[in-house]
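Reading through the structure tokens given below for one structure.
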Ligand code: PMV
């Protein structure tokens, strides 16, 4: 499929200045995407929970450009400060979208963006950031041209654009849980955009918490982009891609039936497999730290003693995500405070839970360009 559309150009005199604002959450993969090909296409399917608290708030201000140039005119402000490095990355992303949105070159854009989580928390912001921007762009298309056919077409296009910015961002467009990548028996699934798990999610999972233990807030030594690249020559890659595709099918069944034990086995193995792939790349590297392992060991002991269904997962970094249903929230939070916080940098953790997905917000006049 292609969204390329040379007809999407504007008559500059007719466009009034305006702003669009979206808040979009981060997501945590349960079955991981690690390895890509072509234009940000995944080597295997993945499935994630959408978070609630960890989110990016983005306002896109637009005005007709005085003199049309070749590239896109944009400046990005992060928490009110001009950020040349973010501006360069965003400009590159928007210029890759020109075949889809040729009108972007006819506008002058200013992007104001803030994260709900501390910048130095070591939490990846590309999923929330890229999806928030993509949602603003699809809203802008609707405002300048015509509404898309329906809400699911809107989301599909926002997910497609998000993917081009950062693969995992395409899953943030939907509430609760999302699948990205072709899955047999999931007719609407695609490598080009994510689809919602929707009502195939058992109520126990709808109540899930994700407490993120901040083991280290140091910026990671190897970027996701480089990590994906190293998968091209990883000797375990073909086996891994086949395993992940099978696991997505199993995970969807687990999510539907509410089997928290099987869920735990899968997410924990996925977390360790992701890091094992990093350790078996050439050159190899490690992102987990001693305190990551201390937390995992302490958690396993807590589980043996209490039987509570609380499990860990990891992203591409040392922080540990603890996943558990609301019914055990009190004992788990007590356990975190008493036994895990001293493994966290500055004793910090972010209490999050499964969320309802992005939200379009009224534009706050004080952030106007
Ligand atoms: O979206 P990227 O290119 O930053 O890749 C992120 C991949 C993981 O977060 C490690 C796993 C995933 O599926 O989100």
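Here, each number is a calculation from the coordinates, and none is a lab measurement. Everything numeric here is computed off the predicted structure, so don't read it as measured data. So basically every Cβ, Gly included, is an ideal-geometry build from the backbone, and we count neighbours across all protein chains shown.
Once you keep just the Cα pairs under 8 angstrom separated by 6 or more residues, what percentage relative contact order results for segment 202-353?
44 percent.
Could you grab the Rg to Rh ratio for segment 12-199? Cα atoms only, Kirkwood for Rh.
With Rg and the Kirkwood Rh in hand, the quotient comes to 0.96.
Explain nothing, just the number: relative contact order of the chain, from Cα pairs under 8 Å at least 6 residues apart, as a whole percent.
Computed value for the chain: 24 percent relative contact order.
Nearest 0.05, what FRET efficiency do residue 305 and residue 70 give at R0 = 56 Å with Cβ-Cβ as r?
In this case the efficiency is close to 0.30.
Pick from 329, 146, 237 the residue whose mean-square fluctuation is largest in a GNM of the chain, springs joining Cα atoms under 10 Å.
Its mean-square fluctuation being the largest, the pick is 146.
Just report the Cα centroid separation between segment 257-299 and segment 30-109, whole Å.
A separation of 30 Å, based on Cα centres.
Short version: what are the Cα gyration tensor semi-axes of segment 202-353, square root of 5 times each eigenvalue, largest first, in whole Å?
Values for segment 202-353, descending: 26, 21, 12 Å.
Quick one: what do you get for the chain if you divide its Cα Rg by 2.2 N^0.38 Å?
Cα-based Rg divided by the globular estimate yields 1.00.
Order these by the 10 Å Cβ neighbour count, fewest first: 87, 306.
Exposure proxy ranking, most exposed first: 306, 87.
With label points built 7 Å along Cα→Cβ from the Cα atoms of residue 9 and residue 262, find their separation and express it in nm.
5.5
On full extension of the chain, what length is gained from residue 233 through residue 364, given 0.36 nm per residue of separation minus the C-alpha to C-alpha distance?
42.4 nm
Determine the gain in length on full extension of the stretch residue 142-residue 223; use 0.36 nm per residue of separation and subtract their C-alpha separation, reporting nm with one decimal.
Fully extending the segment from residue 142 to residue 223 adds 25.7 nm.
Can you sort 10, 354 by how many other beta carbons sit within 10 Å, fewest first?
Ordered from fewest to most neighbouring Cβ atoms within 10 Å, 10, 354 come out as 10, 354.
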